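Chemist: Provided herewith is a single structure, encoded as structure tokens, for subsequent inquiry.
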């Protein structure tokens, strides 16, 4: 038992020694740290803070400026397009309005839009757009116009047809099972045959045809192909007695090269073509319609006073009254029009009077080159002339300041 107590005492002493050693270590560490931190002299106590601040980099506090909440400015993008004009309001069309059907590719769709604007205020004409944007004469496997046009015309029963097609035709054509390159001999013959078949569909149904030609494009190779297509299409439409409208000069510059800008229908310089050099702007589409408008008006005429009396439209143009000369009204034409409005003389004027037709003074002057004989009683009748007066000598002794009567000589 005494041995067991002795063992416990030794363990207790050993534990106390270990604890004392640990406490000594902790005190030494704290003392070292305190010795490093505490100033060793009065001068160190006074100037230590400066040295410590010099040792550490100075931290500048940037003053926080409160941002003002300004309203956001909404500005248009630098290259933003001009605001689109509101669509033209189209009047309600009559039930028996004449139908103008437009067929072809995406250019024909733009032409239909322009013609809709042209006849927007005319209740007697309705524009029907039957174009197919990706169609043409080459890819008949995609859309075969000579086959499809018949049912379209039979269903619409148009008064006149308008065609604009060919911008998608710069590709190989399958002819007799083989692929032919663009404008090769076989390619050209097949293209002409397909264009003639389309035109013949209108002729068989006695539908007047206005075929609008293709314009120049940004790429010169494409423009040269369009010129060749125009020749083939012109031959096809003129063979059946249709009208081919050449719009080439309206979309090129003075050197005959492609022009993205040019005069619109009002003569103002505007952008006519899109950035891709292929499509047209709204002003460009309206300009194409301007070229087609004149032959369409010639075919449709002005039937509002006779064909549509129920609309209450006043008779603007009618037969001349008895004794009045017949006046032929011709709309203005472009200076570059080779056909001079369909007549041999400028503006369709004719200076040769018809038999039995009354002639005005201005017309007689233009024809004969002299003024006609005046009629009695008119302001230009000078047949009754006053003879020169004879001077009468004053009587002797008369006052010279007195006015004497002037007696006409006999």
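Chemist: Taking a label point 7 Å from the Cα of residue 88 along the Cα→Cβ vector, which residues of the range 127-171 have an amide N closer than 16 Å to it?
Modeler: Within reach of a label on residue 88, which here means backbone N under 16 Å from a point 7 Å along Cα→Cβ, the range 127-171 contributes 127-129.
Chemist: Below 8 Å, C-alpha to C-alpha, sequence gap of six or more: please give me the relative contact order for the range 232-293 in percent. Display every interim value, and only then the final one.
Modeler: Working: 60 pairs, mean separation 13.0, N = 62.
It comes to 21 percent, rounded to a whole number.
Chemist: Give the relative contact order (percent, whole number) for the range 98-310; include only Cα pairs under 8 Å separated by 6+ residues.
Modeler: On the way: 367 pairs, mean separation 43.4, N = 213.
Dividing the mean separation by the residue count of the range 98-310 yields 20 percent.
Chemist: Estimate the FRET efficiency between residue 259 and residue 96 by the formula 1/(1 + (r/R0)^6), using the beta-carbon distance for r and 35 Å for R0, to the nearest 0.05.
Modeler: Details: r = 42 Å, r/R0 = 1.20.
The pair residue 259/residue 96 has a calculated efficiency of 0.25.
Chemist: Let me ask something else. Arrange 224, 181, 201 by Cβ neighbour counts within 10 Å, fewest through most, would you? Don't jump to the answer; show the numbers that get you there.
Modeler: Working: 224 13, 181 10, 201 23.
By the 10 Å Cβ count, ascending, the order reads 181, 224, 201.
Chemist: Something else: Would you order 248, 211 from fewest to most other beta-carbon atoms within 10 Å of each residue's own beta-carbon?
Modeler: Working: 248 15, 211 27.
With the fewest neighbours first, 248, 211 line up as 248, 211.
Chemist: Still on this model: Largest first and in whole Å, give the semi-axes of the range 98-310's equivalent ellipsoid, each being the square root of 5 times a Cα gyration tensor eigenvalue. Before the final figure, lay out each step's value.
Modeler: On the way: eigenvalues 147, 110, 36 Å².
Its equivalent ellipsoid spans semi-axes of 27, 23, 13 Å.
Chemist: Rounded, prolate or oblate: which one fits the range 116-212, using the alpha carbon gyration tensor with axes a ≥ b ≥ c (rounded when a/c is under 1.5, else prolate when a/b beats b/c, else oblate)?
Modeler: Prolate shape, in that a/c is at least 1.5 and a/b is the bigger ratio.
Chemist: Applying a 10 Å radius around every beta-carbon, put 292-299, 107-114 in order of their mean neighbour count, most first.
Modeler: Ranked by mean Cβ neighbours within 10 Å, highest first: 107-114, 292-299.
Chemist: Okay, next question. How much length is gained if the chain between residue 184 and residue 17 is pulled fully straight, taking 0.36 nm per residue apart and subtracting their Cα-Cα distance, in nm to one decimal? Each step should come with its number before you reach the end.
Modeler: Numbers: separation 167, 0.36 × 167 = 60.12 nm, distance 11.47 nm.
Here the segment from residue 184 to residue 17 would lengthen by 48.6 nm.
Chemist: How far apart, in nm, are two points set 7 Å out from the Cα along the Cα-to-Cβ line at residue 275 and at residue 240?
Modeler: Computed distance between label sites residue 275 and residue 240 equals 4.0 nm.
Chemist: Sorting 98, 179 on the 10 Å Cβ count, fewest up front, what's the list?
Modeler: Details: 98 21, 179 11.
Ordered by Cβ neighbours within 10 Å, fewest first: 179, 98.
Chemist: In nm, to one decimal, how far is the residue 152 label point from the residue 200 one, both placed 7 Å along Cα→Cβ?
Modeler: The two pseudo-label positions are separated by 1.8 nm.
The numbers here are math on the coordinates, done by the rules we state, and not lab data. The structure displayed is predicted, hence computed values, not measured ones. Cβ: placed from backbone, ideal geometry, glycine included. Neighbour counts: every protein chain shown.
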